[in-house]
1. Filter the stretch B:67-78 down to residues that are more than 21 Å from B:Ser293 (Cβ to Cβ) and crowded, with 20+ Cβ neighbours inside 10 Å and give me whichever is nearest to the other protein chains (Cβ to nearest Cβ).
2. What residue, of B:Leu166, B:Leu108, B:Leu86, B:Leu100, is assigned by TED's automatic domain parsing to the domain that holds B:Ala14 and closer than 25 Å to B:Val53 by Cβ?
3. Quick one: in the stretch B:181-208, of everything that is touching a Phe, Trp or Tyr at 6+ places or on another chain (Cβ under 9 Å) and part of a helix (DSSP H, G or I), which residue is farthest from B:Ala286 (Cα to Cα)?
4. List the number of the failed condition for B:Leu108; all other conditions in (1) at pLDDT 95 or above; (2) closer than 20 Å to A:His94 by Cα; (3) more than 8 Å from every other protein chain (Cβ to nearest Cβ) hold.
5. Find the residue count for the stretch A:271-301, including only residues that are aliphatic (A, V, I, L, M) and in a helix (DSSP H, G or I).
6. Mind checking which residues of the stretch B:177-226 are under 16 Å from B:Thr44 (Cβ atoms) and among the small types (Gly, Ala, Ser)?
7. Could you tell me whether the stretch B:155-162 includes any residue that is within 12 Å of chain A (Cβ to nearest Cβ), surrounded by fewer than 16 Cβ atoms within 10 Å (Cβ to Cβ), closer than 25 Å to B:Lys296 by Cα and in contact (Cβ under 8 Å) with a residue 12 or more places away in the chain?
8. Which residues, taken from the stretch B:209-238, are part of a helix (DSSP H, G or I) and either free of Cβ contacts under 8 Å to residues at least 24 places away in the same chain or surrounded by 20 or more Cβ atoms within 10 Å (Cβ to Cβ) (or both)?
Number of protein chains: 2
Amino acid sequence: MTAVFGHLNPDTDAITAALVYAHLLSRQGTPAQAYRLGELNFETAFVLEQAGVDAPPLLSELPAGSEVALVDHNESAQSVAGLKNLTVTHVVDHHKLGDLETSQPAVLRFEPVGCTATILMRLHREAGLSIDATDARLLLSAVLSDTLHFRSPTTTAADREAAAFLAPIAGVTDVTAYAMQMFAAKSDLGDTPAEKLLKMDYKVFPFGAGKWGLGVIETTNPGYVFGRQAELLVAMQAEKAASGLDGVLLSVVDILNETNRTLVPSDAEAAVVQAAFGASTEAQVADLQKRISRKKQIVPALEAYFAAHA
Amino acid sequence: MTAVFGHLNPDTDAITAALVYAHLLSRQGTPAQAYRLGELNFETAFVLEQAGVDAPPLLSELPAGSEVALVDHNESAQSVAGLKNLTVTHVVDHHKLGDLETSQPAVLRFEPVGCTATILMRLHREAGLSIDATDARLLLSAVLSDTLHFRSPTTTAADREAAAFLAPIAGVTDVTAYAMQMFAAKSDLGDTPAEKLLKMDYKVFPFGAGKWGLGVIETTNPGYVFGRQAELLVAMQAEKAASGLDGVLLSVVDILNETNRTLVPSDAEAAVVQAAFGASTEAQVADLQKRISRKKQIVPALEAYFAAHA
């Protein structure tokens, strides 16, 4: 049985891709089981509820040599513990290729599109396999989530085509209304502790000789997040110290207005943000304006800054 | 213009894949030019002549940042010099994933099939693009070459299907006769210097803390090769010293009888061959019997040996 899973701190694309790819592999003769590597966020919980699908089991460890299929990630730092001792047989991803190696020839399918779901849709069509209403809703949700309903600069024509193909199968007649419901669910953060808010969509990147943690909160209600600014800044400082990081940033992305105001815990980060983005920090908030994609707009600017100051 | 090329010491799959993928990319809106990273072997020269196609230009270096598409390989040791400074935008391959990383999301298409040509045939069909007679002959030749006319254990059902699909388009009515012509051309080694015979189909692999060079000569006339055993062993020792390798082996594969007798230059290699394959070396030749695939039968056994003795 091949274990299929997306990245740590899973988002909607990571969870739905695991579910749909496990189903596809099983239909193609490779028995597979979907897993998750962390808690569902509120958006993903909403999507699974709408689709009538249970969350996949939480995976913490696998016996050495187990066959695994990775979706929506490929770097070991974002994957299950001990990945190097597992046998990677399949990868479907839309990120840059990192430190992955395989011990045998494997099926790798990477495309520079906005989400894994778009690639999975193509895999079905290429194989001449139909997509049922449940899988179509899962994939459509992932497209809308990863592209912020086509607002993100990572969006490609292929993602728009995938959504247009999937929506009628999923029985979603008003895609805009459904996307707004998803974003409202995502924004309903309730009494989530500040440490969890920071880590909801959070990745650690090597920059220069050090490491930075970059969190993103995509929300239709940025006022709620800034209302908790003081405790979030404390959580960021604590995480920075606990994990030996050189910097931590938390970008609060206003989905509807497509703006990014980023929390900056100390002068050290403020100096880098000034140099990399030309943005000054006031009262521990930097206005990064229309930079709403971590992958395409935040990380490359920081990489360029550290490459020039190595 | 994207530069498309296969591995160093190119074989028929490496050369034809570069030609056909450059053509496909160009048709899909990405202008591309095929190159080769070394001399054509006699089989490939025969195939290009039959297809009426010129050899692609020899590539030695590219400006930093150039966009490249890799076919039939992915490891930097088998690729153009300075690969890490180039921008890899596409990879089509059937080998295990090595040390490749990409700076941006790229198109990666890996499948565990017998040759790159089979994947290229699928890319055309998925895109709804026809394959012309010339490209069909190039791809068919690569399938027959890499699978040794379906004798190699790397052969999959997909490779047989690809050949059956391609042969009528290529106008090849007797596939067996055409394969025999290819193998005869490959086996007509004439007065090729021993250094060139060693390097005709030769790859360097990292094993444990060191590096080994593994050559293969696939031939219908092994007697000719063993007639030149003494000079080949001298060439192997010279290459080992010149390139600072820990071991060199040259497998002489009898295509028609599907057997492998391997030249062993020193006791150091003989000890590893004994441990990894259970094969003793007599008069500097080890009988590796039915192990005719470097990828599937030679490399994994050596990797397992060095992993256990690291």
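The values are calculated or read from the model by the stated rules, or taken from the named source; none is laboratory data. Keep in mind it's a predicted model, so treat the numbers as computed, not measured. Ideal geometry is used to build each Cβ from the backbone, glycine not excepted, and the neighbour counts take in all protein chains shown.
1. Our first condition is that a residue be more than 21 Å from B:Ser293 (Cβ to Cβ); within the stretch B:67-78, this holds for B:67-70, B:76.
Among the residues that remain, those that are also crowded, with 20+ Cβ neighbours inside 10 Å are: B:68-70.
Details: B:Val68: 14, B:Ala69: 13, B:Leu70: 12 Å.
Per the stated criteria, the residue is B:Leu70.
2. On the way: B:Leu108 fails: closer than 25 Å to B:Val53 by Cβ; B:Leu86 fails: closer than 25 Å to B:Val53 by Cβ; B:Leu100 fails: closer than 25 Å to B:Val53 by Cβ.
After ruling out the rest, the residue left standing is B:Leu166.
3. Here is the first cut: in the stretch B:181-208, the residues touching a Phe, Trp or Tyr at 6+ places or on another chain (Cβ under 9 Å) are B:181-182, B:184-190, B:192, B:200, B:204-208.
Restricting the remaining residues to those that are part of a helix (DSSP H, G or I) gives B:181-182, B:184-187.
Details: B:Gln181: 29, B:Met182: 27, B:Ala184: 25, B:Ala185: 26, B:Lys186: 23, B:Ser187: 21 Å.
So, considering only residues that are touching a Phe, Trp or Tyr at 6+ places or on another chain (Cβ under 9 Å) and part of a helix (DSSP H, G or I), the one farthest from B:Ala286 (Cα to Cα) is B:Gln181.
4. B:Leu108 satisfies every listed condition except (3).
5. If we filter the stretch A:271-301 for residues that are aliphatic (A, V, I, L, M), which is where we start, we get A:271-273, A:275-276, A:279, A:283, A:285-286, A:288, A:292, A:298-299, A:301.
Then keep just the ones that are in a helix (DSSP H, G or I); that gives A:271-273, A:275-276, A:298-299, A:301.
Looking only at that region, the number is 8.
6. B:Ala179, B:Ala184, B:Ala185, B:Ser187, B:Gly190
7. So far as the stretch B:155-162 goes, no, none of its residues is within 12 Å of chain A (Cβ to nearest Cβ), surrounded by fewer than 16 Cβ atoms within 10 Å (Cβ to Cβ), closer than 25 Å to B:Lys296 by Cα and in contact (Cβ under 8 Å) with a residue 12 or more places away in the chain.
8. Here is the first cut: in the stretch B:209-238, the residues part of a helix (DSSP H, G or I) are B:222-226, B:229-238.
Of everything in the stretch B:209-238, those that are part of a helix (DSSP H, G or I) and either free of Cβ contacts under 8 Å to residues at least 24 places away in the same chain or surrounded by 20 or more Cβ atoms within 10 Å (Cβ to Cβ) (or both) turn out to be B:Pro222, B:Gly223, B:Val225, B:Ala230, B:Leu232, B:Leu233, B:Ala235, B:Met236.
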